[in-house]
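K.L.:
Pasting in a structure now, in structure tokens, and then I'll have a few things to ask.
The values are calculated or read from the model by the stated rules, or taken from the named source; none is laboratory data. Computed from a predicted model, the values in this text were never measured in an experiment. A quick note on method: Cβ atoms are made from the backbone with ideal geometry, for glycine too, and the neighbour counts reach across all protein chains shown. The protein model used for the area step is the full one, side chains on, heavy atoms only, and it has no ligands, DNA or RNA in it. Shrake-Rupley method; radii C 1.70, N 1.55, O 1.52, S 1.80 Å.
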Amino acid sequence: MGRFDGKVVLVTGGNRNTGLALVEKFAREGARVFMCGMSEASTAKGAEMLSMRGVEGVVSQPCDISDAAQVAALFDTIEREAGRLDILVNNAANQGLGHGGPLEMDAAKFHEVFNTNVIGGFQVTQMACNRFFMKQETRGSVVFLSSNTAKRAIRHRTAYCASKGAINSMVRALALDLAPLGIRVNCCAPGYINTERWDVLDPAKAARRRLNCPLRKEASGMDIANVVAFLASDDSANMTGEIVTCDAGCSCQHMPEDVDV
Ligand SMILES: NC(=O)c1ccc[n+]([C@@H]2O[C@H](COP(=O)([O-])OP(=O)(O)OC[C@H]3O[C@@H](n4cnc5c(N)ncnc54)[C@H](OP(=O)(O)O)[C@@H]3O)[C@@H](O)[C@H]2O)c1
């Protein structure tokens, strides 16, 4: 028997990298999973990759989560195909890469990052609550993906770091308002995750990143999926408003070992 037997789960950005592991985790533990990428092509590619991993029965539909009409259309599909929703994983993110430093970055790019990471995550959560959780006897559970960069910034990623800080605050605010309604909202804040971007990373840089981690390794997508599944499940039934860091110990150290004094 699977931990998520009979449960219906939506994973945004479930079509690549960490999102694929999240979809796989919930599907392998018995859930009916819906996932979206932003475009038709990226969503179809994700569906194909899941099928190649032997993960069957996943419903995929492209959806730009910053567009309320597209979010509504995705929820129409969930309503028609499953008639309920139990778990929402807000994983989709605009990484805000290539914006340059804060003095030269284009404000429009800042808006793009916030439109997906903060406003997008909010409107998917709001729709999950209004269209499903509030109408169901067993309410629902929401898990956001934040980042350890919300607390410890990385260079040239002002919009991204700020958006992840906003997610942490939003998780606590949502948790407070939704707790009396029986809806839990928690968050996983990863550090380095091994994604396809690591495949093209200079090996010396990858080694230096690992040296930066007290546990000497980046997370796999499944390491993150394990934390998210715990926060989504009844195993964390008495937790809400929590930000659980999963970063190989990066956040607990002052300096990496090779620069320590
Ligand atoms: N990778 C890391 O080291 C790391 C570290 C800390 C935190 N995180 C967080 O962990 C999560 C997963 O990270 P990742 O690196 O696996 O992500 P990723 O490879 O950058 O993938 C992002 C996903 O979000 C989707 N997406 C972007 N904008 C969207 C929009 N407006 N509407 C719908 N979907 C959209 C993308 O869809 P398309 O494929 O269609 O573009 C893609 O599926 C993210 O929240 C990220 O911020 C990652």
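K.L.:
Restricting to Cα pairs below 8 Å that are 6+ residues apart, what does the relative contact order work out to for the stretch 99-176? Please round to a whole percent.
P.N.:
Computed over the stretch 99-176, the figure is 39 percent.
K.L.:
Taking the Cα centre as origin and putting +1 on Lys and Arg beta-carbons and -1 on Asp and Glu beta-carbons, what dipole magnitude results for the stretch 51-125, to the nearest 20 debye?
P.N.:
Once rounded to the nearest 20, the dipole reads 160 debye.
K.L.:
Extending each Cα 7 Å along its Cβ direction at residue 197 and residue 111, get the distance between those two points in nm, one decimal.
P.N.:
Result for the modelled spin labels: 2.4 nm.
K.L.:
Could you compute the net charge surrounding residue 242? Neighbours are other residues with a C-beta less than 12 Å from the C-beta of residue 242; K and R count +1, D and E count -1.
P.N.:
Computed value for this residue: +2.
K.L.:
Within 10 Å, at most 13 other Cβ atoms, and a DSSP state outside H, G, I, E, B define an exposed site. Report the longest part of the chain free of exposed GluC sites (Glu not before Pro).
P.N.:
138-261
K.L.:
I need to check one value: relative contact order of the stretch 62-131, counting alpha carbon pairs closer than 8 Å and at least 6 residues apart, in percent.
P.N.:
Here the relative contact order equals 45 percent.
K.L.:
Using the heavy atoms of the protein chains and a 1.4 angstrom probe, tell me the accessible area per residue for the stretch 42-192 in square angstrom.
P.N.:
So the stretch 42-192 comes to 46 Å² accessible per residue, rounded to a whole number.
K.L.:
Separation between the residue 76 and residue 56 pseudo-spin-labels, each 7 Å from Cα along Cα→Cβ, expressed in nm?
P.N.:
3.0
K.L.:
Same structure again: Per residue of the stretch 18-32, in order, report the coupling 6.51 cos²θ - 1.76 cosθ + 1.60 (Karplus, θ = phi - 60°) as ³J(HN,Hα) in whole Hz, putting x for Gly and Pro.
P.N.:
Rounded to whole hertz, the list is 4, x, 5, 5, 4, 4, 4, 4, 5, 5, 5, 9, x, 7, 8.
K.L.:
Same structure again: Among residues other than residue 159 whose Cβ falls under 14 Å from its Cβ, what is the net charge (Lys/Arg +1, Asp/Glu -1)?
P.N.:
Residues close to residue 159 contribute a combined charge of +1.
K.L.:
Next question, about the same structure. Tell me the mean residue ellipticity at 222 nm calculated for the chain from its helices only (DSSP H runs of n ≥ 4, each -39500 (n - 2.57), averaged over every residue, nearest 500).
P.N.:
Here the helix-only value at 222 nm equals -12000 deg cm²/dmol.
K.L.:
Just need the relative contact order of the stretch 115-233 here, percent rounded to a whole number, with Cα pairs under 8 Å and 6+ apart.
P.N.:
It rounds to 27 percent for the stretch 115-233.
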